[in-house]
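Here, each number is a calculation from the coordinates, and none is a lab measurement. Every value quoted in this text rests on a predicted model; they were computed, and no experiment measured them. Cβ placement follows ideal geometry from the backbone for every residue including glycine, while neighbour counts extend to all protein chains displayed.
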Amino acid sequence: MVTREDVENIAILSKLFVAEEELDDLTKQMQEIVEFADAINNAPDSGEEFDNINNLSNVFREDVVVESLPSEEILKNAPEQAEDHFLVRNHN
Amino acid sequence: MSEIKKIHDLLTQKQISCKELTEKYLSAIESDNKELNAYVNVTADEALAQAEKVDAKLNKGEEIGLLEGVPMTLKDNLSTKGIETTCCSKILTGYKPIYNATVWDKLEKDGAVMLGKTNMDEFAMGSSCETSYFGGATNPFNTKHCSGGSSGGVASAVGANIAPYGLGSDTGGSIRQPASFCGIVGLKPTYGAVSRYGLIAYASSLDQIGPITKTVEDASIVFDAISDYDPKDSTCQGRKGNKTFDTVNNDIKGMKVGIAREYLEGIRDDVKESVLNAVKVYESLGAEVVYFDMPALKFALPVYYIIACAEASSNLGRYDGIRYGFKAEHYNGTHDMMCRTRSEGFGAEVKRRILLGTYVLSAGYYDAYYKKAQNLRGTIVKAFDEAFKKCDFILAPTVPMTAFEMGHAVSDPIETYLTDICTVPVNIAGLPAVSVPCGFNDKGMPIGMQLIGNKFSEATILNAANAFEKAAPENFKETKWGVKL
């Protein structure tokens, strides 16, 4: 059972605001989706853990320094920047 | 006949210059895109500059590659250096990647002419293209209907001849479903066959990039060009074996077609009838049909939504208003800034999936949902392993119905999730599958079927799909739109 409080808590964890007027609708939708997901509890569980699709293992490469993207390029997309850094203001 | 080869021949025989060809497409986009809404960003200057380079080579009598000078498009979640890439989300407006996705790097080096970036569901989350910040792309067969999604813009553009081919991405059916809805071909490659570097992530263990094309031969040509090992994606192994084009026209006599009965349950009658007719076509081509059950498929849909949303909630944590894209204007403290940025920047479906993903990963629910879904993923993988001991490929509908009307998908999220029932098992198991047109309903809307192969068996499914296309060409119809060559 998904409650309004659950949705409020998850929203905080997700760093999302849910407006008071959206809360009832969203709780109902979440409840419906979780009920739909509950179908898996009727599935026979082999208990075997699944790791990954192609049985991949760690890929190692030689520890050689390769060129990185230039920081001035990276900063071009930042909403705010200062002195070669991303700028985060506490208030605006 | 391959559309790409046709264009290549026109160029090399000097029947049209690459610039004229590109201009034809750009002017068709200008007139037709108003109603189709397939493109969200047209890159005319870049396209014409590339076309001139190709013409210069041709004028000097130099040889050009098969994809060189052929126009195309990319879904807007594929990074293009210096060209805005938004995932059709407000949160990425203005974002210009500083590097190319590997697939675009490859095609750009091959001389492809990119016409622009195409519409999609926001962050690829949707089945109708309508969760796009720019509104949905419409269906070239009837613009009252949706293009499908999430790669709806590519499918609409290719179906409407305003792009000869394009690349999309498929997390739970996002290449195959819109290809099916728009009456064209869509290939979702094996997980790891194509590099995901530069594909903006939705659910990393399910996402794959693949071609959306007019014909099976075209899908084969484009797949061969993009399937290569890439050290920048640690899950990428590249194509195994020869080019798929080498065998795409082989005889399929003696091939074993598998039908899993679960795939035919709950399918609309018109779709089922078309798929069963296709089975007869395969029999007439000398293929053998084997029937079996795959009970594990019954749980595929909830398993998919749990895993996809869990991964999405983690992947989309990066949109914090600090490093790129949209940032809320007014706030009080950094937590407030991030919450406001994300709440104003993401659409309703994206928020829903982030919330669900966070829920299934949170303490108390992790074991019951996420872990259980992962274990079941293993069960589904094994069920396919068993199935491929009995057949060379599995034939199934791509979608249980034809393209829904615009506005229908947004009204009921669960009902829309159910339409992904036939496509998601392939992503869960990391398999390749190609959707091919196999009929029309009484309203003239296209019906598609998918051929599902074992891992890295793209050559087999493309060969079998091409055999069907040649035997039943009536399922491939032109629409009234776009460029007529």
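Observations
- For the range B:267-371, the list of GluC sites (Glu not before Pro) that fall in a loop by DSSP and count at most 11 other C-beta atoms within 10 angstrom reads B:E329.
- Computed extension gain for B:K477 through B:S284, at 0.36 nm per residue and net of the alpha carbon distance, reaches 67.2 nm.
- Once C-alpha pairs closer than 8 Å and six or more residues apart are averaged by separation and normalised to the residue number of chain B, the relative contact order reads 19 percent.
- The long axis of helix A:4-13 is offset from the longest Cα principal axis of chain A by roughly 20 degrees.
- Placing R0 at 30 angstrom, the Cβ-Cβ distance between B:S27 and B:D442 gives a FRET efficiency of 0.30 after rounding to 0.05.
- Here the protein assembly as shown carries DSSP beta bridges of which approximately 70% are antiparallel, counting only pairs with both residues inside.
- Positive-pole candidate from B:N475, B:Y229, B:I394, dipole of chain B, charges at beta carbon: B:Y229
- Applying 0.36 nm per residue to the separation of B:K470 and B:N277 and subtracting their alpha-carbon distance, the gain on full extension is 68.0 nm.
- If R0 is taken as 25 Å, the Cβ-Cβ distance between A:S57 and B:K243 corresponds to a FRET efficiency of 0.35.
- Between the helical axis of A:20-37 and the longest alpha-carbon principal axis of chain A there is an angle of about 70 degrees.
- For B:E288, distant residues with modelled amide H under 5 Å away: B:G254, B:M255, B:K256, B:V257
- Our coupling estimate for the range B:134-149, obtained by passing each phi through the Karplus curve with A = 6.51, B = -1.76, C = 1.60 and θ = phi - 60°, is 9, x, x, 7, 9, 8, x, 7, 5, 6, 6, 9, 7, 7, x, x Hz, Gly and Pro reported as x.
- Segment B:A363-B:S314, extension gain: residue separation times 0.36 nm, minus the distance between their alpha carbons: 16.1 nm
- Per-residue average of Cβ from other chains inside 10 Å of B:355-365: 5
- By other beta-carbon atoms within 10 Å, ranking A:S14, B:S174 with the fewest at the front produces A:S14, B:S174.
- Take every pair of alpha-carbon atoms less than 8 Å apart whose residues are at least six positions apart; their mean separation over the length of the range B:1-153 yields a relative contact order of 24 percent.
- For trypsin sites (Lys or Arg not before Pro), the sites in chain A that DSSP calls loop and that have at most 14 other Cβ atoms within 10 Å are A:R61, A:K76, A:R89.
- Qualifying trypsin sites (Lys or Arg not before Pro) in the range B:233-270, DSSP loop, other Cβ atoms within 10 Å at most 12: B:K253
- Cβ neighbours within 10 Å from other chains - mean over A:29-35: 5
- Once the convex hull of all Cα atoms in the protein assembly as shown is built, its volume per residue stands at 157 Å³.
- Taking other Cβ atoms within 10 Å as a rough exposure proxy, B:I16, A:I10 sort from fewest to most as B:I16, A:I10.
- Violating pairs (Cα-Cα greater than 31 angstrom) within the set B:K19/B:K240; B:K6/B:K188; B:K19/B:K117; A:K28/A:K76; B:K144/B:K372: B:K19/B:K240; A:K28/A:K76; B:K144/B:K372
- Residue exposure sequence - B:E265, B:E68 - by fewest surrounding Cβ within 10 Å: B:E265, B:E68
- Expected 222 nm ellipticity per residue - DSSP helices of 4 or more, -39500 (n - 2.57), all of chain B, to 500: -11500 deg cm²/dmol
- For the residues of A:46-53, the average number of beta carbons from a partner chain within 10 Å of their own beta carbon is 6.
- Two-site label geometry, A:E80 and A:F17: point separation in nm, points 7 Å out along Cα→Cβ: 1.7 nm
- Shape category assigned to chain A from the gyration tensor of Cα positions, a/c cut at 1.5: oblate
- Under 19 Å from the Cα of B:K253 - lysines, other chains or at least 8 residues apart: B:K280, B:K389, B:K390, B:K470
- With the helix formula -39500 (n - 2.57) applied to DSSP H stretches of n ≥ 4, chain A reaches a computed 222 nm mean residue ellipticity of -11000 deg cm²/dmol.
- A crude spin-label estimate for the pair A:E5 and B:A56, with each label 7 Å from Cα along the Cβ direction, gives 7.0 nm.
- Ranking B:A155, A:N77, B:S314 by Cα position along the charge dipole of the protein assembly as shown, where only Lys, Arg, Asp and Glu carry charges on their C-beta atoms, puts B:A155 farthest toward the positive end.
- Positive-end residue of A:V64, A:Q31, A:L16, charge dipole of chain A with Cβ unit charges: A:V64
- For the range B:426-441, Karplus couplings with θ = phi - 60° (6.51, -1.76, 1.60), whole Hz, Gly/Pro x: 4, 5, 4, 8, x, 8, x, 8, 10, 9, 10, x, 9, x, 9, 8
- Spatial separation of Cα centroids for the range B:276-338 and the range B:86-116, in angstrom: 21 Å
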